[in-house]
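Every read-out reported here was derived from the displayed coordinates using simple, explicitly stated rules and does not represent laboratory data. Source: prediction; values computed, not measured. Note: ideal-geometry Cβ built from the backbone for every residue, glycine included; neighbour counts use all protein chains shown.
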Amino acid sequence: MGVCIHKELCGGCLYQGVLYEEQLRIKRNLTDKLLDQRDLYPTEHLGFQPAPQIYRYRNKMEYTFGDLVKGGPMTLGLHQKGSFMSVLTVDECQLVDEDFNVILDAVLTFSEKKGYRNYNKKNHQGLLRHLVIRKGVRTQELLVHLVTSSQGSFDSQGFLDVLLNLTPYLHNTIIGVLHTYNDSKADAVKSDKTEILFGRDYYRERIMGLDFQVGAFSFFQTNVAAAERLYQEALSILPEHTDKVIVDLYCGTGTITQTLATKAKKVIGVEIVEDAVNSALENAKRNNLTNCEFILGDVLNTVEALKEKPDILVMDPPRNGIHPKALMKIIELDIPQILYISCNPTTMTENIHVMKEAGYILEKWKGYDNFPFTRHIEAVGYLTKAE
């Protein structure tokens, strides 16, 4: 596959045109530099893992309606490099399943024919805001999610007909179509009200031998094959834990929680997003797991309210890392083993540096390139509390 045609303007990829071996070298150097800057020297550095595939790996894309130049034709895609306002149509993206490109093109054409206006992020006028497409890689299910403001009418049936008429041209199956109304001024996918136009409001996925239901607003790993390998390797680091109580912070839909529950005595997942917790509860039932439970709440307020001190702590925080106050509460628990999984080595090493000052030792470290061509890096760190 050649260099992406959107390379010059698209802000989605940083390393288009760079040989993959060079991408790996750059990313490993970046993570090693962070460790050095924070005075973190793992007892065992396990290297930097390449991605299992470098194209067509993303299972979710959140597209924005806009324009490339002010007052120009409506676009649907990703933000232009260095621009908050300009949006580039990315209908030949190489990181997603080809079905995503087909759906994007069809939705943009439909919207242009209807004469709809894109939502303007400055004056907050206009109808169309976002198009979100999610895919179950192992189930080949597609969930299509349109987000609009409540300004003016929208032809829901016409939109649905366009999507369902694409069936002969898709390799996957559309199992749900949603329409969300969002009048928030923030440029993010939020819901004032969500309607199911067709099918269901979730897709299904299979990972680590377990079945998962992923809701429209739930976080789930974007690269399933790479995430599965990362989780397998990360959990293999933990010593025998059949008689251990484990807490999984920032658990999302419970992927790690439930994998741990197949071996541990008990696992407790903590997550702030209600949609994700509901999915996690359903997933646990689906997988016949009775030794895991889920708590809806902010880690900052939940950690100190735990009824029992865990033997092992697993945490996979969002990109901005762990809130300083929450981190201090985690440290105060004095848990002997911590497995830290992160999608941002910068905030991760900042957090681990604080933990080091509190007596934790970074025993093992490994970096992962789960998102080729982009700047994003995943990492795993295993820490123990010094005697």
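What order, most packed first, do the peptides 298-308, 214-224, 80-90 have when packing is the mean number of other Cβ atoms within 10 Å of each residue?
214-224, 80-90, 298-308
Sort Met1, Met74 by Cβ crowding within 10 Å, fewest neighbours at the top.
So the residues, fewest neighbours to most, are Met1, Met74.
If packing is taken as the average number of other Cβ atoms within 10 Å across a peptide's residues, how do 363-375, 316-328 rank, most packed first?
363-375, 316-328
Computed FRET efficiency, Cβ-Cβ of His171 and Glu92, R0 25 Å: what is it to the nearest 0.05?
0.95
Which of Lys70/Lys121; Lys7/Lys190; Lys307/Lys329 have a Cα-Cα distance over 19 Å?
Going by Cα-Cα distance, Lys7/Lys190 fall outside the 19 Å limit.
If Lys and Arg each add +1 and Asp and Glu each add -1, what is the summed charge of the other residues whose beta carbon sits under 12 Å from the beta carbon of Asp97?
Every neighbour counted, the sum reads +2.
Past the 27 Å Cα-Cα mark, which pairs from Lys81/Lys325; Lys60/Lys366; Lys244/Lys356?
Table pairs above 27 Å Cα-Cα are Lys81/Lys325.
Find the centroid of the Cα atoms in segment 71-97 and in segment 325-387, then give the distance between the two in whole Å.
Comparing the Cα centres of segment 71-97 and segment 325-387, I get a distance of 34 Å.
Roughly speaking, what is the centre-to-centre gap between segment 1-24 and segment 155-200 when only Cα atoms are used, to the nearest Å?
Between the Cα centres of segment 1-24 and segment 155-200 lies a distance of 30 Å.
Beta carbons within 10 angstrom, averaged per residue: use that to sort the peptides 235-242, 379-386, 48-55, highest first.
Packing order, densest peptide first, comes out as 379-386, 48-55, 235-242.
Give me the percent of DSSP beta bridges within segment 60-207 that run antiparallel, rounded to the nearest 5.
Bridges in segment 60-207 are about 70 percent antiparallel.
Sum -39500 (n - 2.57) across every DSSP H segment of at least 4 residues in the chain, then divide by the residue count to get the 222 nm mean residue ellipticity, nearest 500.
Taking each H run of at least 4 residues, the total per residue is -8500 deg cm²/dmol.
Label-point separation (nm) for Lys122 and Arg286, each offset 7 Å from Cα along Cα-to-Cβ?
4.4
Treat the count of other C-beta atoms within 10 Å as a stand-in for reagent exposure and order Cys251, Cys343 from fewest to most.
Cys343, Cys251
Gaussian network model of the chain, Cα springs within a sub-10 Å range: biggest mean-square fluctuation belongs to which of Leu131, Leu143, Leu333?
Most flexible of the set in this elastic network: Leu333.
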